[in-house]
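Only one structure is covered here, and it is reproduced in the block below.
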């Protein structure tokens with residue numbers, strides 16, 4: 001195995017592969033930076049070119065482009081509060097406040113460092129899990145996903161900020177709006193107001209961009225000035241951010257593992273990986289009450305998870321030929337074209353291609369960060385540009401990004417409505433992250449609740465993974481109560 | 001605030017403008033760059049041949065799904081070759097997803113009848129919706145001009161190789177569950193038709209996410225079987241994760257040797273009618289249409305171009321590499337298949353209405 005690793009690393013680093021890797025990384029980073037263009041679009045754009053490439057070159061191009069999309073997206077999330085794609089949503093929560101504090105350079109440094117480390121860990125997870133992935137994927141049915149999503153609901157408390165009641169209200173509102181559209185079980189249309197656009201439910205991208213990008217820009221227009229308030233520390237450099245990552249390396253590793261594991265489970269959707277990691281980073285760093293005010297942990301958690309997720313998502317794609325996401329479906333098609341057949345043969349004759357994929361994941365993640373690093377100083381200066389110049393530009397980019405969701409006028413309407421809602425929520429102190437989490441989890445909970453009820457009925461509670469997750473849920477909800485009771489008792493005695 | 005020199009601010013501004021232009025890229029890619037010129041199409045049809053008409057024009061190829069799916073991959077495979085064959089300036093693929101392909105098909109149906117808009121039609125999604133007169137349907141696929149079939153889309157019933165049912169004969173009499181995504185589309189219409197035709201004791205469980213969701217449910221053993229496009233299941237079948245036990249199609253399916261066709265199992269007249277209807281939908285598969293009212297000469301020109309493209313050895317080589325079957329069909333034979341597709345028997349319509 002190690003020998004194989006060595007030889008494929010050597011074959012990965014031949015000049016043509018390196019050139020394709022560089023092209024892929026450049027393309028991926030720039031496309032990721034632009035809101036509305038996610039990994040799927042990047043792959044679809046590259047697809048026509050892979051027919052004429054060698055297997056190695058095609059793998060280098062596709063994997064490296066797809067691997068760094070989340071890295072590019074983190075920059076727009078931090079600088080303008082505009083997530084490049086939904087996988088960067090949680091980066092906005094603390095990354096944008098860091099920019100407002102004049103620490104944009106540091107925040108990007110943190111994002112680059114944790115993205116790289118996360119991507120590498122994701123690749124390692126892929127390497128280790130491919131032989132044993134079958135039982136993991138097979139043990140996650142609808143019931144398990146339902147309870148995993150319910151555990152995710154507990155993250156709302158981390159995302160709520162100082163007011164848990166308002167956070168809960170926002171989270172519930174998020175779950176409510178996730179119910180818009182066709183009910184898959186009965187085929188009934190809910191809250192669609194005879195509009196075809198709403199049949200498939202509200203799209204994630206316009207909702208997200210409206211809640212954050214539009215509302216922040218409106219806020220900025222009203223207050224005036226630039227994004228960075230107060231004194232801007234120009235000496236604030238990405239190196240400080242990289243050092244932050246080194247200091248918090250263990251948290252980065254844990255969040256990367258969370259991201260990779262969520263990536264492995266098909267159907268759970270990579271969009272929630274960054275939220276769960278954000279919540280976990282908040283819980284475990286002891287910074288829970290400061291989350292959302294611009295703390296380093298709030299950036300490195302999600303950024304490490306969203307790059308690690310790619311490695312995880314490749315596991316079922318390669319091992320079964322079952323893609324867990326739209327991006328992986330395109331990648332699977334591309335891999336078939338270049339002659340790689342996913343499935344049981346993977347550990348036999350095709351092992352060298354798999355190792356090449358893993359090597360490319362690692363190299364492109366490092367290269368992607370190294371590519372951006374020299375420009376951070378200049379990028380950070382954008383936060384000092386006056387709103388009169390900045391807001392129109394950001395709003396236009398945001399609108400185009402939202403329109404990319406389904407190329408329909410409805411996307412723009414959704415964007416503006418949620419821009420208004422987001423602005424009012426910000427003013428009244430309701431947590432927008434909680435709304436987004438509810439919105440994402442609502443879909444997963446509803447779908448899997450009906451499925452597990454129809455498939456297993458009450459028997460679902462007897463499944464081992466469900467039992468473990470139920471225990472975890474009880475611990476999360478009643479743990480603090482019991483703890484305070486115990487402390488109280490001690491105090492009395 | 002203005003501590004930077006004008007030069008730096010100007011550079012920043014230029015960079016952002018550049019980014020805006022790049023951001024327009026995906027939209028730009030999918031919109032016709034120039035408006036069609038319908039001015040002289042009625043006055044002087046004799047002077048201008050169809051080949052002249054398409055020269056230098058932009059043809060919009062509507063895919064009523066998001067990028068990345070089966071229909072999209074076929075459209076993107078064909079588009080560059082079609083461009084060369086038509087002599088057009090470009091053939092742009094425009095993804096208009098939503099409503100299980102209804103939104104994109106609506107938009108296609110109401111496009112100008114100049115032959116510059118073509119669409120890949122999701123027959124198994126749209127025909128039942130049109131016949132049932134469902135909410136939101138604005139198109140009438142009986143009126144559109146059919147251009148060519150790229151490939152048939154055989155539908156297959158798959159089970160787990162480790163499950164209790166290993167042959168279609170057993171499936172006919174057993175109590176089974178079938179996974180499906182929603183109450184429309186191939187994972188639902190096919191099993192409803194099978195249940196109606198063979199009076200099966202099957203329960204359809206809806207709500208799985210995509211065909212990977214329905215397939216995984218079979219592999220995990222949560223349900224007994226699922227149905228859907230063969231092309232999406234070929235790699236799982238080759239890996240031995242799924243086992244096909246019956247296939248629905250008009251023609252032979254060379255990709256699945258030894259798997260029986262559903263037709264011989266249909267004994268009664270009603271059963272035969274139902275299976276015939278869904279077989280012809282499967283056989284018409286991934287077909288291309290252009291807007292209703294397009295001059296006949298242009299339809300024929302488009303159709304000829306498609307047939308040439310689909311016999312191009314370079315394209316066939318790419319398609320073979322990507323495991324995408326190509327079996328072109330045009331003219332009367334395609335028309336006949338589509339006509340049969342619309343003859344959904346009463347029993348099937350009732351079963352589909354019952355949801």
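Values quoted throughout were computed directly from the atomic coordinates according to the rules given, and no laboratory measurement underlies them. All values derive from a computational prediction rather than experimental measurement. Cβ coordinates were reconstructed from backbone atoms using ideal geometry, including for glycine residues, and neighbour counts include every protein chain displayed.
Can you bin chain A into rounded, prolate or oblate? Criterion: square roots of the alpha carbon gyration tensor eigenvalues sorted a ≥ b ≥ c, rounded for a/c under 1.5, prolate for a/b above b/c, oblate for the rest.
Taking the square roots of the gyration eigenvalues as a ≥ b ≥ c, chain A is rounded.
Hey, got the average number of other protein chain Cβ atoms within 10 angstrom for residues in A:320-330?
Shielding by partners across A:320-330 averages 6.
Determine, for B:149, A:134, the number of other Cβ atoms within 10 Å of each Cβ, and report the residues in order from fewest to most.
By the 10 Å Cβ count, ascending: A:134, B:149.
Counting helices only, and only those DSSP H runs with n ≥ 4, report the 222 nm mean residue ellipticity of chain A as the sum of -39,500 (n - 2.57) divided by its residues, in deg cm²/dmol to the nearest 500.
Counting only the DSSP helices, I get -23000 deg cm²/dmol.
To test your reading of the geometry: what angle, between 0 and 90 degrees and rounded to tens, separates the Cα axis of helix B:296-309 from the longest principal axis of chain B?
Here the helix axis deviates by roughly 70 degrees.
Separation between the residue B:169 and residue A:250 pseudo-spin-labels, each 7 Å from Cα along Cα→Cβ, expressed in nm?
Placing both labels 7 Å beyond Cα along the Cβ direction yields 6.5 nm.
Restricting to Cα pairs below 8 Å that are 6+ residues apart, what does the relative contact order work out to for chain B? Please round to a whole percent.
22 percent
How far, in degrees from 0 to 90, does helix B:210-220 lean away from the longest principal axis of the Cα atoms of chain B, to the nearest 10?
Once rounded, the angle reads 30 degrees.
Antiparallel DSSP bridges in chain B: what percent, to the nearest 5?
55 percent
Specify the inter-centroid distance of the stretch B:268-312 and the stretch A:178-239, based on alpha-carbon positions, in whole Å.
After rounding, the separation between the Cα centres reads 42 Å.
Can you classify the stretch B:155-281 as rounded, prolate or oblate using the Cα gyration tensor, where a ≥ b ≥ c are the square roots of its eigenvalues, rounded means a/c under 1.5, and otherwise it's prolate if a/b beats b/c and oblate if not?
rounded
What number, rounded to the nearest 500 deg cm²/dmol, is the helix-based mean residue ellipticity at 222 nm of chain B, given -39500 (n - 2.57) per DSSP H run of at least four residues and division by all its residues?
That calculation yields -13500 deg cm²/dmol at 222 nm.
Quote to one decimal, in nm, the extra length available between residue A:186 and residue A:352 on full extension: 0.36 nm per residue of separation minus the C-alpha distance between them.
Full extension of this stretch gives 55.0 nm more.
Over all residues in A:142-152, what is the mean tally of Cβ atoms on other chains that come within 10 Å of each residue's Cβ?
1
Using a Förster distance of 22 angstrom, determine the FRET efficiency expected from the C-beta separation of residue A:222 and residue A:162, and round it to 0.05.
Efficiency at R0 = 22 Å is approximately 0.45.
Any chance you could give the angle, 0 to 90 degrees and rounded to 10, that helix B:6-29 forms with the longest Cα principal axis of chain B?
40 degrees
By how many nm would the segment from residue B:51 to residue B:268 grow when fully extended, if each residue of separation counts as 0.36 nm and the alpha-carbon distance is taken off?
73.1 nm
Looking only at the stretch A:244-283, which residues have a backbone nitrogen under 15 Å from a spot 7 Å from the Cα of residue A:476 in the C-beta direction?
A:258-259, A:262, A:272-283
Percent antiparallel among DSSP beta bridges with both residues in the protein assembly as shown, to the nearest 5?
55 percent
Please give the FRET efficiency for residue B:340 paired with residue A:377, using the beta carbon to beta carbon distance and R0 = 60 Å, rounded to the nearest 0.05.
Given R0 = 60 Å and the Cβ-Cβ separation, E is 0.35.
Is the shape of the stretch B:206-355 rounded, prolate or oblate, going by the alpha carbon gyration tensor and its root eigenvalues a ≥ b ≥ c, with a/c under 1.5 for rounded and a/b larger than b/c for prolate?
Oblate.
Using alpha carbon centroids, what distance separates the stretch B:144-172 and the stretch A:389-408, in Å?
Between the Cα centre of the stretch B:144-172 and that of the stretch A:389-408, the gap is 43 Å.
Relative contact order (percent) for the stretch B:57-160, with alpha-carbon contacts under 8 angstrom and 6 or more residues of separation?
Relative contact order of the stretch B:57-160: 30 percent.
Using alpha-carbon pairs under 8 Å, 6+ residues apart, how would you state the relative contact order of chain A in percent?
Relative contact order, chain A: 29 percent.
Points 7 angstrom from Cα along the Cβ direction at residue B:18 and residue A:485: gap in nanometres?
Using points 7 Å along Cα→Cβ, the separation is 6.3 nm.
What is the fewest-to-most order of A:310, B:135 by other Cβ atoms lying within 10 Å of their Cβ?
So the ranking, lowest neighbour count to highest, is B:135, A:310.
In peptide A:31-44, how many Cβ atoms from other protein chains are near each Cβ within 10 Å, on average?
Taking all residues of A:31-44 together, the mean is 3.
How many angstrom separate the Cα center of the stretch A:463-489 from the Cα center of the stretch A:1-80?
What the calculation gives is 43 Å, centre to centre.
Under a crude label model (7 Å from the Cα following the beta-carbon direction), how far is residue B:349 from residue A:139 in nanometres?
A separation of 5.2 nm, rounded to one decimal place.
As a footprinting exposure proxy, order A:255, B:119, A:221 by other Cβ within 10 Å, with the fewest listed first.
A:221, B:119, A:255
Give me the extension gain from residue A:386 to residue A:128: residue separation times 0.36 nm, minus the current Cα-Cα distance, reported in nm with one decimal.
Fully extending the segment from residue A:386 to residue A:128 adds 88.0 nm.
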